[in-house]
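One structure below.
The values are calculated or read from the model by the stated rules, or taken from the named source; none is laboratory data. Nothing here was measured: the structure is a model prediction, and the numbers come from that model. FYI the Cβ positions are ideal-geometry reconstructions off the backbone, even for glycines, and counts take in every protein chain you see. Quick note on the areas: whole protein, heavy atoms, side chains included, nothing else; ligands and nucleic acids left out. Shrake-Rupley method; radii C 1.70, N 1.55, O 1.52, S 1.80 Å.
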Amino acid sequence: MNWQALANPARFKRLSDRLLPWFAGGAALCLAVGLYLGLVASPPDYQQGDSVRIMYVHVPAAWMAMFVYANLAVAAAASLVWRHPLADVAGRAMAPIGAAFTFLCLATGSLWGKPMWGTWWVWDARLTSVLILFFVYIAYMALNSAFDDDTRGARSSAILALVGAINLPIIKFSVDWWNTLHQPASVSRLDGPSIHASMLTPLLLMAVGFTLLFFALALVRMRAGLIERRLAALSYTRSADAGVASFR
Amino acid sequence: MAEFFAMGGYADFVWTAYGLTAAVLTVLAVSSVRRLKTLERDLAAAADDEHDR
């Protein structure tokens, strides 16, 4: 695939026009079925009762928090290595989506923790490392827009995104490396998921739905970002023209 | 139906979690699409200007 060609806004627009309905439609379908199975058809947990239904938004949101960050880190690497403008646009488009999912992971986790653990929050390794992930997203967005020169903003925030990627394995393995109140993994285990299919199905459907929603939102936001660049370039040429005109 | 909304006594926690998720994702989607529409209009206007000159 020729990535360079995608930086052409017209070509990117054509590709995203074709993909967007599939992402958006697929997300709506997965989330509708996932919500029905999660809220209605799946059984309450034998220990946690109906509070377990928070899992169907909490866990996919947590996966997205990390998945979006992984994408952000790849965009950051591409931005630094190839200086590709589409990579900057992608990073800027994805960061708020990742921050939103991380916020939802923390908030729904808190709402689940209160009835089950008896506390909204503990400073255990899992919760703390995810809170740090949220702050890294915020710092990325702040740094990205902190410079008058967009290129410098993109470069600095890309470096931050790459350094922050160290946090991803820490989040993943925090429940194994430290004694956490947060439970260890139940789905991505070497010996297979330890959840019954009646709960695993809605969980995976919600996760696929969130992933497709992320792709759809990222496309919309990247298109906006490309237009923004184009408008900035246009106004730059225009003011340059005006500058020349005033000398005549 | 009332039993469904009661969520076995966990209604406040479960529905707040789902409501918050729906709210945040809806705001994100609506604001992203709106921004794209505005920018597409701006670009069309800028292209017209260019054409007129």
Residue list for region A:137-167, restricted to those being in contact with a helix residue (DSSP H, G or I) (Cβ under 6 Å, 6 or more places away or on another chain) and within 17 Å of residue A:127 (Cα to Cα): A:137, A:164, A:165, A:167
Is there a residue in region A:190-208 that is within 14 Å of chain B (Cβ to nearest Cβ), part of a helix (DSSP H, G or I) and closer than 19 Å to residue B:35 by Cα? no
Could you check residue A:176 against (1) outside any loop (DSSP other than H, G, I, E, B); (2) touching a Lys or Arg at 6+ places or on another chain (Cβ under 7 Å); (3) at pLDDT below 95 and say which number it fails? (2)
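Condition check ((1) closer than 25 Å to residue B:43 by Cβ; (2) among the aliphatic types (A, V, I, L, M); (3) surrounded by fewer than 17 Cβ atoms within 10 Å (Cβ to Cβ)) across all residues:
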residue	(1), (2), (3)
A:162	no, yes, yes
A:168	no, yes, no
A:172	no, no, yes
A:187	no, yes, yes
A:202	no, no, no
A:211	no, no, no
A:218	yes, yes, no
A:224	yes, yes, no
A:237	yes, no, yes
Contact list, first residue from region A:100-115 and at the interface with another protein chain (Cβ under 7 Å from one of its Cβ atoms), second anywhere and among the aromatic types (Phe, Trp, Tyr) and crowded, with 19+ Cβ neighbours inside 10 Å, beta-carbon distance below 6 Å, six or more apart or interchain, is A:111/B:13; A:115/B:10; A:115/B:13
Taking the criterion of being touching a residue at least 24 places away in the same chain (Cβ under 8 Å) and within 14 Å of chain B (Cβ to nearest Cβ), would at least one residue in region A:237-248 satisfy it? no
Restricting attention to region A:1-40, report how many residues are modelled with pLDDT of 95 or more, out of contact with any Leu (no Cβ under 6 Å at 6 or more places or on another chain) and of a type in the set (A, V, I, L, M, F, W, C). 11
Residue within region A:108-130 that is surrounded by 14 or more Cβ atoms within 10 Å (Cβ to Cβ), of a type in the set (Gly, Ala, Ser) and out of contact with any helix residue (DSSP H, G or I) (no Cβ under 7 Å at 6 or more places or on another chain) present: yes
Which numbered condition in (1) of a type outside the set (A, V, I, L, M); (2) within 12 Å of another protein chain (Cβ to nearest Cβ); (3) more than 20 Å from residue A:200 (Cα to Cα) is the only one that residue A:124 fails? (2)
If I go through region B:1-32 residue by residue, how many of them are within 8 Å of chain A (Cβ to nearest Cβ) and surrounded by 15 or more Cβ atoms within 10 Å (Cβ to Cβ)? 15
The condition from (1) open to solvent by less than 80 Å² (accessible area, probe 1.4 Å); (2) free of Cβ contacts under 8 Å to residues at least 40 places away in the same chain; (3) in a loop (DSSP other than H, G, I, E, B) that residue A:153 misses is numbered (3)
Residue A:139 - would you say it is farther than 22 Å from residue B:28 by Cβ and assigned to a helix (DSSP H, G or I)? no
Can you name the condition, by its number, that residue A:119 falls short on among (1) outside any helix (DSSP H, G or I); (2) away from chain B (no Cβ under 14 Å)? (2)
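Going by the structure shown, is residue A:69 part of a helix (DSSP H, G or I), under 29 Å from residue A:51 (Cα atoms) and modelled with pLDDT of 95 or more? Reasoning before the result, please.
Values: part of a helix (DSSP H, G or I): yes; under 29 Å from residue A:51 (Cα atoms): yes; modelled with pLDDT of 95 or more: yes.
Considered against the rule, which asks whether it is part of a helix (DSSP H, G or I), under 29 Å from residue A:51 (Cα atoms) and modelled with pLDDT of 95 or more, residue A:69 comes out as yes.
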Among the residues of region A:82-100, is there at least one that is within 21 Å of residue A:172 (Cα to Cα), part of a helix (DSSP H, G or I) and open to solvent by 30 Å² or more (accessible area, probe 1.4 Å)? no
